[in-house]
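Please treat every number below as a calculation from the coordinates, not as lab data. Please read these numbers as outputs of a predicted model, since none were measured by experiment. All Cβ positions, glycine included, derive from the backbone under ideal geometry; neighbour counts span all protein chains shown.
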Amino acid sequence: MAWLQGLTWIDAVAWLAAILAISGSAMRTIIPLRCIGIAANATSLTYAVAMRLYPSITVNLILLPLNAVRLYQMLRLIRQVKQAAKSDLSMDWLKPFMTRRKVKTGEILFAKGDSATCMFYTLSGRYRLKELGIELQQGQVVGEMGFLSPENRRTQTLECIEGGEVLNISYDEVRQLYFQNPEFGFYLLRLTSERMFKNMERLEIEVERMKASAVEQDSFRQAATA
């Protein structure tokens, strides 16, 4: 224990920085990793300043704000996803991660049976799911079901009936966001599940309407032949 007696505060800071760096490497999720990284950068920077290690000072001056910004972005993303999951099916929180694309009238964005690689957010224009006959307006997400469908195949055909713009994000990017933070993935699945239930409710209403229409037509034919 004699070495502890000769341990200075600078040495203690250096050991703490080393322990934090090792601990950060053991983190499995991104938020704890960023938190440990910030602490490691701060302690390493303190040691580097005290010892006048200018290369180390430069590195930690860059990494410290970078880790802080990334941590803030991830926490903000989780907060926005939680709000979206509790309120409606809006996916505005995905916009910063999406790419803008112009679409012409008559263009097929994807066809039923195609391999699904991305999902879309409608900014302007009008779009129609041909098989269901459902028209999509601005501010709607479409194509997310292919992310969970067997073999990632499209279940509908999406056609542009009035030119406009869409945002798209690849499933690979969605997976990256998912693996960076499992909580993000949980809320994404929750949003997708809610969309599925909404679609089921819409189909049930349509089936009931068709049944009622068929009954009315039968009654009309019976009255006409009576």
Checklist entry - Rounded to the nearest 0.05, what FRET efficiency do R100 and Q137 have when you use their Cβ-Cβ distance and R0 = 25 Å? => result 0.90
Next on the checklist: Give me, ordered by chain and number, the residues 5 or more places off R153 or on other chains with an amide H under 5 Å from its own placed amide H.
Outcome noted: A116
Checklist entry - Hey, can you rank 139-147, 197-205, 44-52 by average C-beta count inside 10 Å, highest first? => result 139-147, 44-52, 197-205
Checklist entry - Rg (Å, one decimal) plus Dmax (Å, integer) for the alpha carbons of the stretch 92-210? => result 14.4, 46
Next on the checklist: With an 8 Å Cα cut-off and a minimum separation of 6 or more residues, compute the relative contact order for the stretch 92-210 in percent.
Outcome noted: 32 percent
Checklist entry - Hey, what do the phi angles of the stretch 144-155 turn into as Karplus ³J(HN,Hα) couplings, whole Hz, using 6.51/-1.76/1.60 and θ = phi - 60°, x for Gly and Pro? => result 6, 5, x, 5, 10, 6, x, 6, 6, 9, 5, 9
